[in-house]
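A short write-up of the structure that comes next.
Every read-out reported here was derived from the displayed coordinates using simple, explicitly stated rules and does not represent laboratory data. Here the structure is a predicted model, which is why all the values come from computation and not from measurement. Positions of Cβ are generated from backbone atoms using ideal geometry, with glycine treated the same way; all protein chains shown enter the neighbour counts.
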Amino acid sequence: MTTTSEPAPQPRTTAPGAEHRTRFFDHRIPSLYAGRYRIDNRQTLKDLDGADRVIDATPQPFDVVQPRFSFDPTGINAQFPVPDAVGTYSLTLAHINLDAPGLPWNRPLGPGQPAAVPWMALLLFREDELPEDPDAVGLVKAGTVRRLLGDALGDGQPPALPPASLRPDEYDEQCATIFVPKAVFDAVKPLPVEMGYLAHLREGGRPDATELSDAPEPDEGELNAVLVANRFPAATGGRHVAHLVSLEGHDRYLTAPAPTEGLRLVSLTSWSFTTEPDSGIGFGDLAQHLAATTDGPTDDAVPRPAEDLRLRVPTTGPANPAGPQKEALDRMAGGAVALPQRLETGERTLAFYRGPLTAQPARRLPPAAATRLDSPGEALIYLQQYGVFDTAYAAAFTTGRTLALADAEFRTALLEFRSAARTAARRLASHPELAASAASALTGRHLTAPLACEAFDRLLADGDSRSGGARLTQALTQAGPQLRAGRRRTATRTRRSPGDARAVLAQPGVAALLTQAAPDDFAKVTGWLDALRRLELLSLSHLVPHPRALPAESIRFAYLDPAWVQAAVDGALSVGVGHTLDADLNALATGGGPVPKCAVLINSSLVANWPNTIVTAYKGTEVVEPVRDAVFGTEIRLMLFPEVIDRFELAEPPRGLCFGISDVGTIELREITGNRIGHPMGEFPTADTLSDIFGRFARFLRPGGRDVLNVDGTGDALLPALSRAHGLQGTQRISSAQFALQMINAPQAQTFSRP
């Protein structure tokens, strides 16, 4: 025997391809801020002989009106997490998407603040942090602006707004407010410079530019303002409320401690959601674990060897095996397991067994003595040199036969089809004139029509109508004189041998015609056999001979052995075979669909927890659709493909664009210049400091245990680290749009490639 081996898939990490264009812009600074203005006009008349005369025109006041204490909720394009959502969001930064692109920058935050700093910010609060909303369900205290500024809405210092900046009608506007204690505000407040990086513009559209120089101007209809929170939800779970607050009039407390009595903030809008406890194991962790291991002197993930991704029981052996050891190891490397066997003679020995899935392409079998198997004994492979059997094909035959016997509907359909086809074949053998026309005019009706009745009808109709009689009338008229004259006709009956019916099958067109003898039963038989070829009738124990071949949290790749599947089909068709003609008729049902070529098996909680995981297989650059995708239990998924695939990808279910970090505690560093803006550059940060669910990212959190992101504060801040990762030196920083590009928490993907 000969054996061939093809390389198993190798793991690598990649990101799903983009299907549309998304662009980010830093900000939109208005040419004129919202507020109250006055136009003063002065004319000077020059007097040649005296003093100049100055004429002051009447001042012309005007207002630039923009939302300040509230805005229309229909102007909210999106919120993430969505209101009242329940999920695991502990690694996600909440954000809000506003239809008005210039709203966050339409007025200054305060005197001396840079124009790029918005006057609003998105703050995230947990349960028991807001005294007026201990359950974090979004309770607010409403009242007029007059009452707010008059300190009549409850605890907390109100915003210090210059009276001259308020229009008279603004005092009567309704507003929603929240009371934030000093300790909470000082812990979660963003610095003004951080507020500039937590707000940006987003534009989505079709991918109409492949080069940076071809990029079109921003589409005003697609522009939205996005504000991102600077705090992660609690890993322990619970309710959270996000408030889009106005910090106008409170800007001095962003860089200095808040007053002892706390602050009364204007809440422009709010929503709440629930995050579930985070074990620290998410899609990225599980997908990466399938492809890599952290066993070793460091915690760095190391890709699993290709041999570890094959469907087989791990074995160890000598460095240079020979003889029986090599034979055993080779078979086990192909996916077989060694099992005890008792022979019919009572002797005990060992045998090799495997199912239809193999770790390597199946060994090529010697030419068969017959076109089909008639018994499991014919499928036994005896390794005479070692005195053991390979029972794979014998077990396949028995499996197919057992499944057929257990299915009454299939068994009945098979017997009925063979009975009808057998009768039809014998009729064709008994009536050569029918068989001769099988390839052309003969139809299924001729196989079941009552031939005696049709012959009698022909006797009545045949003959010369002008003589006034048909063949039957002529025969009856002549019978009397012939008998009186002593003339008798002796009919000679020719007995046909059973072999004649088998010979008819070899005639062109007859085989296809016999399938019409019982078309409904034949369709049931072929449909059942096709399901067997797709392994739909087999249990997991048939596919995986030992649990160690597919341990928990693993992925395995395998080939399908067509000879094993054919043996199972032969076993199913062996039911009720009484003679050789029945066996010949079985061949009519074996022309079903093709056997799949390869399989992927996943045993992971990914299957149960991410049922909408996107699975994509490729052969070259072409996508290969699975012929079967099934789940066993809750955590084992099987996919069969019609071709041997080159690449296999697991991608996290799609979601709306959001910000945060991956399950493995990193972000995907992305290009920010050139014609490859947005293309991945690898994981960031690279240094591993695994301490909690934030993994490597824990270094960029503020101290205090409130999971607040240190964007650009003291200590180890994220913004300078990202800027250095992109080659910027000193005080140079990436822009807010570039920061948003880095913080996109895109769906993760894990790819396995065959070398």
Item checked: Cβ-Cβ FRET estimate between Thr274 and Thr590, R0 fixed at 35 Å, reported to 0.05 -> 0.05
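Using a Förster distance of 35 Å, how high is the FRET efficiency between Arg38 and Thr673, based on the Cβ-Cβ distance and rounded to 0.05?
Efficiency for this residue pair is about 0.20.
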Note to self: Net charge around Val627, counting only other residues with Cβ within less than 12 Å of its Cβ (Lys, Arg = +1; Asp, Glu = -1)?
What the structure shows: -1
Notebook entry, point to check: What is the Rg over Rh value, at two decimals, for region 106-211, using alpha-carbon atoms and the Kirkwood definition of Rh?
Noted result: 1.06
Notebook entry, point to check: Using the Kirkwood formula over every pair of different C-alpha atoms, what hydrodynamic radius in Å results for region 559-662?
Noted result: 16.8
Check: Once you treat every alpha carbon in region 544-591 as an equal point and sum by Debye, what is log10 I(q)/I(0) at q = 0.15, 0.27, 0.33 Å⁻¹?
Finding: -0.58, -1.03, -1.21
Next item on the list: Mind listing the long-range amide H neighbours of Glu671? Cut-off is under 5 Å, sequence gap 5 or more, other chains count too, H placed in the peptide plane at 1.01 Å from N.
Entry: Gly678, His679, Met681
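With a cut-off of 8 Å between alpha carbons and a minimum separation of six or more residues, what is the relative contact order of region 602-724 in percent? Could the numbers behind the result be given before it?
Values: 170 pairs, mean separation 18.9, N = 123.
Computed value for region 602-724: 15 percent relative contact order.
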Check: Extension gain Glu536-Leu350, at 0.36 nm per residue separation less the Cα-Cα distance, in nm?
Finding: 64.0 nm
Note to self: Sort 112-118, 244-250, 666-672, 307-313 by packing, meaning the average of other beta carbons within 10 Å per residue, with the highest value first.
What the structure shows: 244-250, 307-313, 666-672, 112-118
Checklist line | Rh by Kirkwood over Cα pairs, then Stokes-Einstein D for region 303-383 at 1.002 mPa s and 20 °C, µm²/s | finding: 143
Item checked: Where labels lie 7 Å past Cα in the beta-carbon direction, separation of Leu405 and Gln384 in nm -> 3.1
Note to self: Could you order the peptides 739-747, 587-595, 160-168 from most to least packed, using the average number of other C-beta atoms within 10 Å per residue?
What the structure shows: 739-747, 587-595, 160-168
Margin query: Could you work out how much longer the chain between Thr58 and Thr236 gets when fully extended? Use 0.36 nm per residue separation minus the Cα distance between them, nm to one decimal.
Written below: 57.7 nm
Check: Per q in 0.15 1/Å, what log10 I(q)/I(0) does a Debye calculation on the alpha-carbon atoms of region 512-621 return?
Finding: -0.81
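If R0 is 51 Å, what FRET efficiency do you get for Glu625 and Ala142 from their C-beta distance, rounded to 0.05?
Given R0 = 51 Å and the Cβ-Cβ separation, E is 0.35.
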Checklist line | From phi via Karplus (6.51, -1.76, 1.60), per-residue ³J(HN,Hα) for region 622-630 in Hz, x at Gly/Pro | finding: 8, 6, 10, 7, x, 8, 7, 9, 9
Checklist line | Gain on full stretching of the segment that runs from Ala152 to Ile614 - 0.36 nm per residue minus C-alpha separation | finding: 160.9 nm
Check: Once you treat every alpha carbon in region 318-430 as an equal point and sum by Debye, what is log10 I(q)/I(0) at q = 0.15 Å⁻¹?
Finding: -0.82
